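*Asks:* Before we start, here is the structure in question, set down as structure tokens.
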Amino acid sequence: MTSENRKHLRIGLVVEIELMLPGQGLVNVRTRNISDGGLYLLLDDVELPPIGSEVTVRLKNQLGDGEEPPTNRAMVVRHETDGVGLEFLE
């Protein structure tokens, strides 16, 4: 999909994420970019979850006001050599 066809603007942002993978448990990863509709995760030394699988993601650190960040459900929609693209589920 080209940038002209995207529903949401991507922001190049690197933050640490806790990723819960079915059968693999919790792993710490980083984002390459994020948007209102999803995010791209860099998965160094982590087996890529299958396209269509549901995962959960959460910011690793507390929010600015000390609150715990929410946990979000997402679906794997794309594989690349260095990671996966996720779409947030409602």
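*Asks:* Rounding to the nearest 20 debye, state how big the charge dipole of the chain is about its Cα centre with +1 on each Lys and Arg Cβ and -1 on each Asp and Glu Cβ.
*Replies:* So the dipole magnitude of the chain works out to roughly 240 debye.
*Asks:* Would you be so kind as to identify which of 48, 23, 88 lies farthest towards the positive end of the dipole of the stretch 3-88, taking Lys and Arg as +1 and Asp and Glu as -1 on Cβ and the Cα centre as origin?
*Replies:* In the stretch 3-88, that residue is 88.
*Asks:* Starting with the highest mean, order 21-27, 81-87, 38-44, 52-58 by the number of other Cβ atoms within 10 Å, averaged over the residues of each peptide.
*Replies:* Put in order of decreasing packing, that is 38-44, 81-87, 52-58, 21-27.
*Asks:* Please give, to one decimal in nm, the separation of the simple spin-label points placed at residue 89 and residue 54, each 7 Å out from Cα toward the Cβ.
*Replies:* 0.3
*Asks:* Another one. Find how much the distance from residue 47 to residue 67 grows on full extension, using 0.36 nm per residue of separation minus their present alpha carbon separation; answer in nm with one decimal.
*Replies:* Details: separation 20, 0.36 × 20 = 7.20 nm, distance 3.07 nm.
Gain in length upon complete extension: 4.1 nm.
*Asks:* Tell me, what is the Rg over Rh of the chain, with Rh the Kirkwood radius over Cα pairs?
*Replies:* 0.95
*Asks:* Which distance in Å, rounded to a whole number, links the C-alpha centroids of the stretch 43-81 and the stretch 6-30?
*Replies:* Cα centroid to Cα centroid, the span is 3 Å.
Each value in this text was obtained by applying a stated rule to the coordinates, not by laboratory testing. Note that this is a predicted model, so its numbers are computed, not measured. No Cβ is skipped: glycine too gets one built from the backbone with ideal geometry, and neighbour counts run over all protein chains shown.
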